[in-house]
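Only one structure is covered here, and it is reproduced in the block below.
The values are calculated or read from the model by the stated rules, or taken from the named source; none is laboratory data. From a predicted model like this one, the values you see are computed outputs, not experimental measurements. Note that each Cβ is placed from the backbone with ideal geometry, even for glycine, and that neighbours are counted across all protein chains shown. Side chains are part of the model used for accessible areas, which takes the heavy atoms of the whole protein and leaves out ligands, DNA and RNA. Shrake-Rupley method; radii C 1.70, N 1.55, O 1.52, S 1.80 Å.
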Amino acid sequence: MNKIINYFGMDKITHFFVCAFITLLLTSLGVGIFYVLLIITCLGLIKEKGDSFFDKKDILSNTLGYLLGLICFFIIMK
């Protein structure tokens with residue numbers, strides 16, 4: 001696990017799992033997947049605006065977390 005954390009960094013891992021959780025939560029509450037993507041994107045951009053520099057890898061981590069959340073949602077709902 002330490003190798004994964006050292007390779008990606010705790011920040012990217014946090015972005016990934018928080019976005020996955022938010023996606024899974026909102027889709028399970030009935031929010032449409034397009035609106036969830038819009039919410040995730042806006043939250044990510046707001047977060048990046050507050051950081052000292054804009055990191056494209058954070059946005060990528062958010063997007064991958066969103067996709068994981070959708071996959072989990074569709075597996076659970078199957």
Original post:
Cα axis of helix 33-50 to longest principal axis of the chain: angle in degrees, 0 to 90, nearest 10?
Top reply: 20 degrees
Original post:
Under a point spin-label approximation (7 Å from Cα along Cα-to-Cβ), what is the Val31-Asp55 distance to one decimal in nm?
Top reply: 2.3 nm
**OP:** Could I have the simple spin-label model distance between Leu45 and Leu67, label points 7 Å from Cα toward Cβ, reported in nm to one decimal?
**Re:** 2.1 nm
Subject >> Hits among lysines - C-alpha to C-alpha of Lys3 under 17 Å, sequence gap 8 or more where chains match >> reply: Lys12
**OP:** Using only the alpha carbons, work out the radius of gyration and Dmax of the chain in angstrom.
**Re:** 13.0, 42
Original post:
What's the carbon and sulfur percent of the chain's accessible surface, probe 1.4 angstrom, rounded to a whole number?
Top reply: 76 percent
**OP:** Using only alpha carbon pairs under 8 Å that are at least six residues apart, calculate the relative contact order of the chain and give it in whole percent.
**Re:** 47 percent
Subject >> Size of electric dipole in the stretch 1-59: Cβ of Lys, Arg +1 and of Asp, Glu -1, about Cα centre, debye, nearest 20 >> reply: 100 debye
Original post:
Short version: ³J(HN,Hα) in whole Hz for each residue of the stretch 4-14, in order, from phi by Karplus 6.51 cos²θ - 1.76 cosθ + 1.60 (θ = phi - 60°), x for Gly and Pro, what are they?
Top reply: 5, 4, 5, 6, 8, x, 5, 4, 5, 5, 5
Subject >> the chain, accessible area per residue, ligands and nucleic acids excluded (1.4 Å, Å²) >> reply: 74 Å²
**OP:** Post the alpha-carbon centroid distance, the stretch 1-58 to the stretch 60-75, in whole angstrom.
**Re:** 10 Å
